[in-house]
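S.K.: Encoded as structure tokens, here's the structure I'll be asking about.
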Amino acid sequence: MEELIQLKEIKKYFPWKKYKYVKAVDGVSLSINKRDIFGLVGESGSGKTTLGRMMIHLIDSTSGSIFYKGKDITKIKKLEKNLRRNMQIVFQDPYSSLHPRKKIKDIIGSGLRTHNLVRSEGELVTKIEQFLNLVGMGEEHLYRYPHELSGGQRQRIAIARALILNPEFVVLDEPTSSLDVSVQAEILNLLKKLREEFDLTYVFITHDLYLARIITEKIAIMYLGKIMEYGDTESIFKNPLHPYTEALFSVIPKLDPQKRTKKIILKGEIPSPFDPPLGCRFHTRCMKKIGEICEKVSPPLKEVEEKHFVSCHLYD
Amino acid sequence: MAEEILLEIKDLRVNFYTYRGVVKALNGVNLKIYEGEFFGLVGETGCGKSVTASAVLNLVQNPGKIEEGEILFKQKNLLKMSEKEIREKIRGKEITMIMQYPIAALNPVINNGDQIAEALIANKNMNESEARKRTIELLKEVNIPQPEKIARQFPHQLSGGMAQRVMIAMMLSTEPSLLIADEPTTALDVSIQAQVLSLLKDLISKHRATVLLITHDLSVVAETCSRVGVMYAGDMVEIGTVDQIINNPQHPYTKGLIKAIPSDRSKELVEIRGSVPDLVNPPSGCRFHPRCDYTKPICKKEKPQVLQVEKEHVTACFLYEESRNKKSKEEYAGEYKGGANGRTDSA
Ligand SMILES: Nc1ncnc2c1ncn2[C@@H]1O[C@H](COP(=O)(O)OP(=O)(O)OP(=O)(O)O)[C@@H](O)[C@H]1O
Ligand SMILES: Nc1ncnc2c1ncn2[C@@H]1O[C@H](COP(=O)(O)OP(=O)(O)OP(=O)(O)O)[C@@H](O)[C@H]1O
Ligand SMILES: [Mg+2]
Ligand SMILES: [Mg+2]
């Protein structure tokens, strides 16, 4: 398996007023192989979007390294065009991510023009039509505006726009969270098909654990800017090791009564990212806290089972 | 113990007169809610869940109009009451509603404590000091840490989960018989959703209230409700106990929905082809027919009748009618002839 991207101790601190920082991502290390669908899962504010955007150099990191095919992209000011084209993103909200006054043709085609990937207008249109068809839409949409499309259709346009540049790596930031479930199923199946067709590598951001289970092969569970647990999706679902993961799994509503276990209802709310708890980020809400060590020492990510990493003192 | 009907909606039709045309939002909805139950209403965006709720409170917004139907609450038709009567006796008193975005529903310039206290003074004839005392008790009851401090803060200073608790405290302050919760946890994280739902369940059983829970999340319904109604494009397509709907769904839309949602059951997601229709021009006959895998000629022509599947379980689908007719005619000789609900009243 060939590694595509590797993160080492990556951090993002957003400055906030004087002397204050939001520690949005606070020391994340992980590696993603080519053709993986890698899930970033976590509750709101855990740093998923920030991490995803750093991976494709949409925002700078505060410290740490990101190796893309062996090259540290955090050291580069501006990505060379080729690398830029290789890394694409699909945003959460199909209603605000498409320019309202541009026609679908221009929305999908603008990247092709800036990267000089087409030689003539004719070639441009042919290519756009090809990608419209690929995402299951007809040529009749070429000259329409985003407001004339449904949410699912808009998200298809956003996907076409990302894929037409023939990228290798696509960050999908909650691509279906604003869509209806029947439409969501359609978009997910489309994304899976396109991965096969173009040998893509995805980072799939979601807060829906069952959705992550269906689409991803590996997941990282994030909490307050840190990874709590990461590894093969199935292995994490079968055997969640971190108390936070365990609690999350216990409270996701389930259809089948037999699958319900005793709910572990976490106390309180997620602490503020301005001054997150010292030691383990989760200790203020943890039901398995072992003692002072949890308050003082930040647990390192440790491989507890094969390819299954956990950051928790229970496994010291 | 006989179960009393608290709310009965009969053949409710609501249209919105927009510049694009008439949105036929509710196409004859029937529903009964029994005293003390947790009833779930599910369906995708735009199927009419919120409009149903607002009709119950006589709050259908302009350009909407209730065209037809009855809404019987404790046997009285709310649609025949004057706005004054509803305001004085029903809305915010007998029936209260909590919404998806509590921060927007709370008054931004009044502190959290006073919002509740004012409701108590207005509805419960309390004086100011009684109301303040009761407010703190209520905030404690919804597990708000440091209730005195939170009472002095304003809604925008609250997190989503906290704001929802304040909202619940406020709704419970008037001891309503019916609480309508429209997507109360949709904007919340799972860990907070779990807190709020478990709180809601505890409080409801303690206060003996009845809940109409509106959500698009069938798993939430499966965990919290006793019965559930599935809506599609302004029609109630199936009603049953949670077990009947989850394990023995009859309507193709219900079946499709269960397979399309990521859940503990799904290994992959099965699409429901097509999309929800524009209700300015809803499909003829059964509104689901363009997306259905089993469409027959009659589905395009006629609106399917509501048929009883078993006790408490009804569905409106020609496919079911056909398969049932095939099975045996005599078996069902004593066919249920009531409205669209899962129970026969006087059987
Ligand atoms: N540009 C910014 N300036 C300041 N703070 C920011 C900025 N972007 C994000 N944050 C903060 O960083 C933290 C992580 O945010 P991020 O958007 O990455 O979370 P997320 O996991 O994607 O959450 P969600 O599920 O809500 O999308 C949050 O506390 C957020 O408020
Ligand atoms: N003020 C309005 N003007 C015009 N049409 C409206 C109005 N309010 C609702 N509708 C229409 O009525 C139908 C039902 O809407 P409703 O809000 O009840 O859906 P819902 O099931 O609550 O959906 P959601 O899950 O998105 O909240 C939709 O087709 C909607 O477009
Ligand atoms: Mg995000
Ligand atoms: Mg609604």
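The values are calculated or read from the model by the stated rules, or taken from the named source; none is laboratory data. The structure displayed is predicted, hence computed values, not measured ones. Virtual Cβ from ideal backbone geometry, glycine too; neighbours counted across all protein chains shown. Surface areas here come from the heavy atoms of the whole protein model, side chains and all, with no ligands, DNA or RNA. Shrake-Rupley method; radii C 1.70, N 1.55, O 1.52, S 1.80 Å.
S.K.: Can you tell me how many residues in the stretch B:32-54 are within 16 Å of ligand 4 (Cβ to nearest atom) and either on the phi > 0 side of the Ramachandran plot or without any contact (Cβ under 8 Å) to a residue 24 or more places away in the chain (or both)?
M.R.: The qualifying residues number 4.
S.K.: Tally up the residues in the stretch B:243-267 that are more than 8 Å from every other protein chain (Cβ to nearest Cβ), open to solvent by less than 20 Å² (accessible area, probe 1.4 Å) and in a helix (DSSP H, G or I), please.
M.R.: 5
S.K.: Go through the stretch B:142-178 and give me each residue that's farther than 15 Å from B:LEU106 by Cα and in contact with a helix residue (DSSP H, G or I) (Cβ under 7 Å, 6 or more places away or on another chain).
M.R.: Answer for the stretch B:142-178, where residues must be farther than 15 Å from B:LEU106 by Cα and in contact with a helix residue (DSSP H, G or I) (Cβ under 7 Å, 6 or more places away or on another chain): B:VAL142, B:ASN143, B:ILE144, B:PRO147, B:GLU148, B:THR174, B:GLU175.
S.K.: Here is a follow-up. So B:SER275 ticks every box in (1) open to solvent by 30 Å² or more (accessible area, probe 1.4 Å); (2) over 23 Å from B:GLY28 (Cβ atoms) but one. Which box is left unticked?
M.R.: Condition not satisfied by B:SER275: (2).
S.K.: Please count how many residues of the stretch B:24-50 are within 8 Å of ligand 2 (Cβ to nearest atom) and within 16 Å of B:LYS10 (Cβ to Cβ).
M.R.: To start, the set of residues in the stretch B:24-50 that are within 8 Å of ligand 2 (Cβ to nearest atom) comprises B:25-26, B:43-50.
With within 16 Å of B:LYS10 (Cβ to Cβ) added as a condition, the list becomes B:26, B:48.
Matching residues across the stretch B:24-50 total 2.
S.K.: Turning to a different aspect of this structure: Part of a strand (DSSP E or B), of a type in the set (S, T, N, Q) and either within 16 Å of ligand 3 (Cβ to nearest atom) or surrounded by 14 or more Cβ atoms within 10 Å (Cβ to Cβ) (or both), is that true of B:ASN58? Please lay out each step first, then the result.
M.R.: On the way: part of a strand (DSSP E or B): no; of a type in the set (S, T, N, Q): yes; either within 16 Å of ligand 3 (Cβ to nearest atom) or surrounded by 14 or more Cβ atoms within 10 Å (Cβ to Cβ) (or both): yes.
Here the answer is no, as B:ASN58 does not meet what is asked.
S.K.: Would you pick out the residues in the stretch A:157-183 that are within 16 Å of ligand 1 (Cβ to nearest atom), crowded, with 24+ Cβ neighbours inside 10 Å and within 13 Å of another protein chain (Cβ to nearest Cβ)? Quick ask: steps written out before the conclusion?
M.R.: Initially, the stretch A:157-183 is screened for residues within 16 Å of ligand 1 (Cβ to nearest atom), giving A:171-179.
Still in the list and also crowded, with 24+ Cβ neighbours inside 10 Å: A:171-172, A:175-176.
Matches in the stretch A:157-183: A:THR176 only.
S.K.: I want to confirm something. Restricting to the stretch B:156-171 and keeping residues that are in contact (Cβ under 8 Å) with a residue 60 or more places away in the chain and under 8 Å from B:VAL142 (Cβ atoms), which single residue is farthest from the other protein chains (Cβ to nearest Cβ)?
M.R.: Selected residue: B:ILE168.
S.K.: Look through B:ASN125, B:ASN112 and report the one residue that is away from ligand 4 (no atom under 16 Å from the Cβ) and surrounded by fewer than 18 Cβ atoms within 10 Å (Cβ to Cβ). First the steps, then the outcome.
M.R.: Working: B:ASN112 fails: surrounded by fewer than 18 Cβ atoms within 10 Å (Cβ to Cβ).
Every option except B:ASN125 fails the conditions.
S.K.: Step by step: first the residues of the stretch B:13-37, then only those that are under 14 Å from the mean Cα position of the chain (by Cα) and open to solvent by less than 30 Å² (accessible area, probe 1.4 Å), then the one that is farthest from B:VAL228 (Cα to Cα). Which residue is that? First the steps, then the outcome.
M.R.: Quick first cut of the stretch B:13-37, residues under 14 Å from the mean Cα position of the chain (by Cα) only: B:26, B:29-34, B:37.
Imposing the further condition that a residue be open to solvent by less than 30 Å² (accessible area, probe 1.4 Å) reduces the set to B:26, B:29, B:31-34, B:37.
On the way: B:LEU26: 18, B:VAL29: 14, B:LEU31: 10, B:LYS32: 11, B:ILE33: 10, B:TYR34: 12, B:GLU37: 11 Å.
Applying the filter and picking the extreme gives B:LEU26.
S.K.: What pairs can you find where one residue is in the stretch B:110-132 and closer than 16 Å to B:LYS149 by Cβ, the other is surrounded by fewer than 19 Cβ atoms within 10 Å (Cβ to Cβ) and aromatic (Phe, Trp, Tyr), and their Cβ atoms are less than 8 Å apart, with a gap of 6+ or different chains?
M.R.: B:ASN111/B:PHE154; B:ASN112/B:PHE154
S.K.: Output the residue which, of all residues in the stretch B:211-228 that are of a type in the set (Ser, Thr, Tyr) and within 24 Å of B:GLU310 (Cα to Cα), is farthest from the other protein chains (Cβ to nearest Cβ).
M.R.: Keep residues of the stretch B:211-228 that are of a type in the set (Ser, Thr, Tyr), which gives B:215, B:219, B:224, B:226.
Going one step further and asking which of them are within 24 Å of B:GLU310 (Cα to Cα), we end up with B:219, B:224, B:226.
Working: B:SER219: 4, B:THR224: 8, B:SER226: 13 Å.
Filtering the stretch B:211-228 for residues that are of a type in the set (Ser, Thr, Tyr) and within 24 Å of B:GLU310 (Cα to Cα), the one farthest from the other protein chains (Cβ to nearest Cβ) comes out as B:SER226.
S.K.: Let me ask something additional. What are the residues in the stretch A:92-121 that are open to solvent by 20 Å² or more (accessible area, probe 1.4 Å), within 17 Å of A:VAL135 (Cβ to Cβ) and not in a helix (DSSP H, G or I), if any?
M.R.: A:SER97, A:LYS103
S.K.: If you go through the stretch B:190-198 one residue at a time, do you hit one that is among the hydroxyl-bearing types (Ser, Thr, Tyr), open to solvent by less than 20 Å² (accessible area, probe 1.4 Å) and free of Cβ contacts under 8 Å to residues at least 12 places away in the same chain? Give the steps one after another, and end with the answer.
M.R.: Taking the stretch B:190-198 and keeping what is among the hydroxyl-bearing types (Ser, Thr, Tyr), we get B:191, B:198.
Those still in the list that are open to solvent by less than 20 Å² (accessible area, probe 1.4 Å) too: B:191.
Within this subset, residues satisfying the condition of being free of Cβ contacts under 8 Å to residues at least 12 places away in the same chain are B:191.
Within the stretch B:190-198, one or more residues are among the hydroxyl-bearing types (Ser, Thr, Tyr), open to solvent by less than 20 Å² (accessible area, probe 1.4 Å) and free of Cβ contacts under 8 Å to residues at least 12 places away in the same chain.
S.K.: Now, a different point. Can you name the strands (runs of 3 or more DSSP E) wholly within the stretch A:25-91 that have at least 2 residues being modelled with pLDDT of 95 or more, surrounded by 15 or more Cβ atoms within 10 Å (Cβ to Cβ) and touching a Phe, Trp or Tyr at 6+ places or on another chain (Cβ under 7 Å)? Before you say what the answer is, go through the steps one by one.
M.R.: Details: elements: A:37-42, A:63-68, A:87-90.
In the stretch A:25-91, the matching strands (runs of 3 or more DSSP E) lie at A:37-42.
S.K.: Quick one: is A:LYS11 away from ligand 2 (no atom under 16 Å from the Cβ), farther than 22 Å from A:LEU301 by Cα and among the basic types (Lys, Arg)?
M.R.: no
S.K.: A further question follows. Within the stretch A:261-280, is even one residue touching an Asp or Glu at 6+ places or on another chain (Cβ under 6 Å) and away from chain B (no Cβ under 14 Å)?
M.R.: Yes, there is a match, as at least one residue in the stretch A:261-280 is touching an Asp or Glu at 6+ places or on another chain (Cβ under 6 Å) and away from chain B (no Cβ under 14 Å).
S.K.: Being in contact with a Lys or Arg (Cβ under 6 Å, 6 or more places away or on another chain) and within 11 Å of chain A (Cβ to nearest Cβ) is the requirement here; does B:GLY285 meet it?
M.R.: Answer is no for this residue.
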